[in-house]
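Before any comments, here is the structure.
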Amino acid sequence: MRHPSLLAPSLLAGDHAQLATSVRTVAACGASWLHCDIMDGHFVPNLTFGPETLAALRRTGSTLFFDTHLMLAEPQRYLEVFAKAGANLISIHIEPIYDHRAALRTIRSLGCQCGIVLNPGTPATAIEALLDQVDLVLVMTVQPGFGGQPFRRDMLPKLQQIDQWRRERGLNFRLEVDGGIELSSAAECRAAGADTFVAGTSFFKSNDKAAYAATIAAL
Ligand code: DX5
Ligand code: ZN
């Protein structure tokens, strides 16, 4: 089945001294999702924020859907703490070695939706056996770690492959893209099967964020 298009603005590109303001900006433009990038300086060469930041943003009263992207070498150690902090969906990468299936089950048992993520260098076949276990597949369209990188158009065939498996198997997960997304790359990803669009730099730089969100929703 084909989900309606949905924008998930990435907090990474917001003002880190005013994260609560960034969250209000996201809600005010009509977006319902907020993409939260969690980095540990090991799996990726950068650091962001942790569960206490998420919990504090939740305590401001935000009802946004916290789409939590864990870029961690040992994500299985941090599932409960992010669930308790207010994550609605927790995505974990396939590349580190741990029991992915068990971790996905744990995320669901904590009352969250679960997602699996692939780096640009990871083939679609790496997650093929997990497709019936997830609520979302996130195809990275940049090497994770930093915002503001150019979109990797060579990821489009990977999206098409995963979308084809989804249709053939009658599955219903969302197909999300993250990295270098703006209106034209989003349209290309939509044509390749994506329905969920993370946008950091392009969203926060946009002068009319409500129009930006509406344009993505209309793809
Ligand atoms: C990259 C992060 C992204 C990042 C995208 O490591 O996973 O979510 O915020 O930023 P832009 O949209 O600027 O490419
Ligand atoms: Zn992300």
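Asn172 to Leu110: extension gain in nm, 0.36 nm per residue of separation minus the Cα-Cα distance?
In short, 20.3 nm is gained.
Please compute the Kirkwood hydrodynamic radius over region 6-217, one decimal place, Å, based on all pairs of different Cα atoms.
Mean inverse Cα-Cα distance, inverted, gives 16.9 Å.
How much length is gained if the chain between Asp15 and Ile97 is pulled fully straight, taking 0.36 nm per residue apart and subtracting their Cα-Cα distance, in nm to one decimal?
26.2 nm
Once you place label points 7 Å from the Cα toward the Cβ at Ala187 and Thr60, how far apart are they in nm?
Using points 7 Å along Cα→Cβ, the separation is 3.3 nm.
List the pair-distance distribution P(r) of region 1-105, using every Cα-Cα distance, as the percent of pairs falling in each 5 Å bin from 0 up to the bin containing the longest distance, rounded to whole percents.
Percent of pairs per bin, in order: 2, 12, 23, 23, 19, 13, 7, 1, 0.
Would you mind getting me the FRET efficiency between Arg24 and Glu80? Use the beta-carbon distance for r and R0 = 30 Å, nearest 0.05.
So the FRET efficiency works out to roughly 0.60.
To the nearest µm²/s, what D does Stokes-Einstein give for region 133-179 at 10 °C and 1.306 mPa s, using the Kirkwood radius over alpha carbon pairs as Rh?
138
Keeping all protein chains in position, work out how much accessible area Asp67 exposes to a 1.4 Å probe, and write it in Å² to the nearest 10.
Rounded to the nearest 10, that gives 0 Å².
Just subtract the alpha-carbon distance of Leu130 and Glu52 from 0.36 nm times their residue separation and send over the number in nm, one decimal.
Here the segment from Leu130 to Glu52 would lengthen by 25.1 nm.
Just by accessible area at a 1.4 angstrom probe, what is the order of Arg190, Arg167 from largest to smallest?
These residues rank, largest area first, as Arg167, Arg190.
Take Leu183, Leu34 and sort them by solvent-accessible surface of the protein heavy atoms, 1.4 Å probe, largest at the top.
Leu183, Leu34
Ignoring everything but the protein chains, give the 1.4 Å probe accessible area of His42 in square angstrom, nearest 10.
About 150 Å², rounded to the nearest 10.
Would you please name the trypsin sites (Lys or Arg not before Pro) within region 1-58 that are DSSP coil residues with at most 15 other C-beta atoms within 10 Å of their C-beta?
Arg2
Normalised by the residues of region 6-217, what does the relative contact order come to in percent, with Cα pairs under 8 Å and at least six apart?
Once divided by the residue count of region 6-217, the mean separation gives 20 percent.
What is the percent carbon and sulfur in the accessible area of the chain, measuring with a 1.4 Å probe over the protein chains and ignoring ligands?
Of the solvent-accessible surface of the chain, carbon and sulfur hold 52 percent.
So what is the calculated 222 nm ellipticity per residue for the chain, using -39500 (n - 2.57) for each DSSP H run with n of 4 or more, over all residues, to the nearest 500 deg cm²/dmol?
-9500 deg cm²/dmol
What aspartates and glutamates sit close enough to Lys209 to cross-link, taking a C-alpha to C-alpha distance under 15 Å and skipping anything fewer than 8 places away on the same chain?
The qualifying aspartates and glutamates are Glu182.
The values are calculated or read from the model by the stated rules, or taken from the named source; none is laboratory data. Note that the structure is a prediction, hence the values are computed from the model and not measured. With ideal geometry, Cβ positions are generated from the backbone for all residues, glycine too; neighbour counts draw on all protein chains shown. In case anyone asks, the SASA skips ligands and DNA or RNA and just uses the protein heavy atoms, side chains included. Shrake-Rupley method; radii C 1.70, N 1.55, O 1.52, S 1.80 Å.
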